[in-house]
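The values are calculated or read from the model by the stated rules, or taken from the named source; none is laboratory data. If you're wondering where the values come from, they're calculated on a predicted model, not measured in any experiment. Neighbour counts run over all protein chains shown; Cβ positions are idealised from the backbone, glycine included.
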Amino acid sequence: MSAPTATSPPPTRTKKRRGDLVFAGATRASAGVILVALAAVAIFLTTQGLPGLTAPESRLGGESTFIAYVWPLLYGTLLAAAIAIIVATPLAIGVALVISHYAPRRLAQPIGYVIDLLAAVPSVVYGLWGVAFLGPQLVPVYRWLEDNLGFLPFFAGPSSGTGRTILTAGIVLAIMALPIITAICREIFAQTPRLHEEAALALGATRFEMIRMAVLPYARSGIISAVMLGLGRALGETMAVALVLSGARIITVDVITSPSPSTIAANIVNGFPEATGVGVNVLIATGLVLFVVTFAVNFTARLIVARSERNTVR
């Protein structure tokens, strides 16, 4: 006789709790709402902006084509955002490291609260601060840059007497992007495995060497995500730039002169109250360009983060 074979018990299905089902449904619904809203914005900008692509010269500021009209605005938008990210990124990473690894807890928490509160300040307040205080304070700095570094095309001058330049606007945007980048970097730095940090210190590394070898490589993808979110804030900002910038549709690398290159968002804010007919469509078409650029930046950032995560896993 053959020995009886043991039969495995049938798999049991775990019954999902009602709370899990509700949470999963709410999450899917939220994702769907975001996609619908994004599609609605894209459809509106496309349908309303198409007439602006073939607008006459009288509606394009004397330019023969829409590309010639929007290119200086796109250049100013990218220049202001680049200045903001160049200024904000090292400062935000430094502040995040101070909060997470250097400052004592009783000092780190108040610093973190103050940085987080910067995100709650309305953009119009930043704009008023920039035009009434920061701009005039930077006038002597711009004169010094013109006198001592005028051989560089960035500071060729003549320097602005009011401080309302693309560099001032970039600094204001950097302060506005600072809390976003700092908050994300701080959380990523705090999630670094403690064993990695202790192992680096046990091998004789200083605190700075430990951060360079253990913390920053672990947080690389998070830093990229934080910078791209800050870049998105800088690309789409309107009121602060409109108040600070004495802009025009020009292309120049000099960042201390007035007028300076304007941005798409500032041009829409300044031109929309007086725009009629096809002029409104032209402004909406420039908004479509900004929408495409922002989407492309975020999509590229997502690819970089995904590649960085795959390399980390390997």
Which listed residue, of Ser262, Ser221, is surrounded by 17 or more Cβ atoms within 10 Å (Cβ to Cβ) and in contact with an Asp or Glu (Cβ under 6 Å, 6 or more places away or on another chain):
Ser221
Scanning region 162-206 residue by residue, the ones that are among the charged types (D, E, K, R) and closer than 26 Å to Tyr126 by Cβ total 3
Would you call Leu149 farther than 26 Å from Ile115 by Cα, of a type in the set (A, V, I, L, M) and surrounded by fewer than 18 Cβ atoms within 10 Å (Cβ to Cβ)?
yes
With respect to Gly277, is the statement that it is at pLDDT below 85, closer than 21 Å to Glu57 by Cα and of a type outside the set (S, T, N, Q) true?
yes
Regarding region 80-101, can at least one residue be identified that is farther than 20 Å from Ile181 by Cα and either assigned to a helix (DSSP H, G or I) or at pLDDT below 90 (or both)?
no
From Gly157, Gly163, Gly135, Gly112, grab the single residue that is in contact with a Pro (Cβ under 7 Å, 6 or more places away or on another chain), small (Gly, Ala, Ser) and either in a loop (DSSP other than H, G, I, E, B) or modelled with pLDDT under 90 (or both).
Gly163
